[in-house]
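The values are calculated or read from the model by the stated rules, or taken from the named source; none is laboratory data. Predicted, not measured: the structure shown is a model, and the values here were computed from it. Backbone-built Cβ (ideal geometry, glycine too); neighbour counts: all protein chains shown. Only protein heavy atoms, including side chains, enter the accessible area calculation; ligands, DNA and RNA are left aside. Shrake-Rupley method; radii C 1.70, N 1.55, O 1.52, S 1.80 Å.
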Amino acid sequence: MEGVSMKGDRALRVAVLVSGGGTNLQALLDRQAAGTLAAEIVVVAADRSDAFGLVRAERAGVPAHVVDYAHYLKSPFDELPPLPSGVDLEALDARQRILETTDRARRLERLKRLVLAEEALINALEEYRPDVVCLAGFMRLVSPHFIKHFNREGRRRILNIHPALLPAFPGQHGYEDTFAYGCKWGGITVHFVDEGEDTGPIIAQAVYPLWPGDSVDDVRRRGLELEYLVYAQCLNWLAAGEIRLEKDEEPSGRLRAMITDPRYRTILEEWAAKAFS
Ligand code: GRF
């Protein structure tokens with residue numbers, strides 16, 4: 001029995017966002033089919049039409065949508081539609097921590113493009129009324145527009161899976177970075193998404209050893225096996241109300257996620273055993 005604690009809770013309605021192969025999506029679909037996931041994947045969306053995750057969704061009978069981000073990010077700026085009414089670009093810019101250019105005009109243009117893509121994505125997803133949005137190899141940063149839409153009623157509803165032990169190695173090359181630094185342990189992280197890149201409250205992490213002679217592919221394979229376990233478990237914890245957010249004291253003032261599942265220690269032991277198997 002893999003380390004997934006479930007408790008028969010109401011299934012969360014989950015939207016999964018992908019950009020590529022979608023093996024995390026597949027792992028969630030498989031657990032849903034096996035009845036070990038307290039979640040129903042109600043829609044899959046991708047930012048590009050060639051994402052293989054779309055095929056996985058269709059094979060599983062899950063509606064799949066494409067929002068062509070390249071169109072919004074690359075079309076001539078003056079050909080783009082206006083922002084939806086009520087969207088205050090300046091206010092979004094003040095909150096976002098993903099666009100680093102100090103050139104304000106360029107930043108606002110880029111933000112507008114992103115918000116337009118996100119608006120199309122929100123419209124596609126909302127048809128299926130998801131409770132939660134899971135980024136699973138979705139190679140796009142999300143703006144405060146997207147976050148504000150889904151984090152309604154004071155609830156965090158956007159999760160991401162990251163291929164490193166955050167806050168080490170944010171960005172897109174977690175396994176390559178872990179390998180290149182000669183790390184002796186690697187890790188994976190599931191976290192809530194906030195306005196920065198890979199900076200949101202950490203829900204769960206698992207670690208694995210790197211052995212002499214490992215290739216980067218060995219490292220990725222070992223890490224991915226853990227990703228599948230941990231992402232499913234985090235959804236089950238979310239469905240069961242087993243994730244509590246606490247605000248840390250100043251000076252950090254950060255939100256910290258605590259797992260209240262009494263099986264927490266056993267589950268971590270199972271993850272550790274898996275990492276050595
Ligand atoms: C995973 O390593 C995940 O951590 C990262 O992107 C990769 C996606 O892989 N965010 P897949 O598309 O699920 O196979």
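Please go through region 27-68 and give me each residue that is more than 16 Å from the ligand (Cβ to nearest atom), within 18 Å of Ile122 (Cβ to Cβ) and not in a strand (DSSP E or B), ordered by number.
Scanning region 27-68 gives Pro63, Val67, Asp68.
Pull out all pairs, ordered by first then second residue, where Cβ-Cβ is under 7 Å, the residues are six or more apart or on different chains, the first lies in region 129-146 and is in contact (Cβ under 8 Å) with a residue 24 or more places away in the chain and open to solvent by less than 10 Å² (accessible area, probe 1.4 Å), and the second is away from the ligand (no atom under 16 Å from the Cβ) and in a strand (DSSP E or B).
Pro130/Arg13; Pro130/Val42; Pro130/Val43; Val132/Leu12
If only one of Ser85, Ser49 is of a type in the set (Ser, Thr, Tyr) and exposed (fewer than 10 other Cβ atoms within 10 Å of the Cβ), which one is it?
Ser85
Of all residues in region 255-274, how many are in a helix (DSSP H, G or I) and in contact with an Asp or Glu (Cβ under 8 Å, 6 or more places away or on another chain)?
Just the residues of region 255-274 that are in a helix (DSSP H, G or I), to begin with: 264-274.
Cutting the leftovers down to in contact with an Asp or Glu (Cβ under 8 Å, 6 or more places away or on another chain) gives us 267, 270, 274.
Looking only at that region, the number is 3.
What are the residues in region 152-181 that are of a type outside the set (Phe, Trp, Tyr), in a loop (DSSP other than H, G, I, E, B) and free of Cβ contacts under 8 Å to residues at least 24 places away in the same chain, if any?
Within region 152-181, Arg155, Ala168, His173 qualify.
Hey, among the residues in region 177-206 that are over 23 Å from Lys247 (Cβ atoms) and surrounded by 16 or more Cβ atoms within 10 Å (Cβ to Cβ), which one's farthest from the ligand (Cβ to nearest atom)?
Among them, the one singled out is Cys183.
Taking the stated definitions as given, is Asp93 open to solvent by 30 Å² or more (accessible area, probe 1.4 Å), away from the ligand (no atom under 16 Å from the Cβ) and among the charged types (D, E, K, R)?
The answer is no for Asp93.
Would you confirm whether any residue within region 189-207 is in a helix (DSSP H, G or I), in contact with a Leu (Cβ under 9 Å, 6 or more places away or on another chain) and touching a residue at least 24 places away in the same chain (Cβ under 8 Å)? Talk me through it step by step, then tell me what you get.
If we filter region 189-207 for residues that are in a helix (DSSP H, G or I), which is where we start, we get none.
Taking every residue of region 189-207 in turn, none turns out to be in a helix (DSSP H, G or I), in contact with a Leu (Cβ under 9 Å, 6 or more places away or on another chain) and touching a residue at least 24 places away in the same chain (Cβ under 8 Å).
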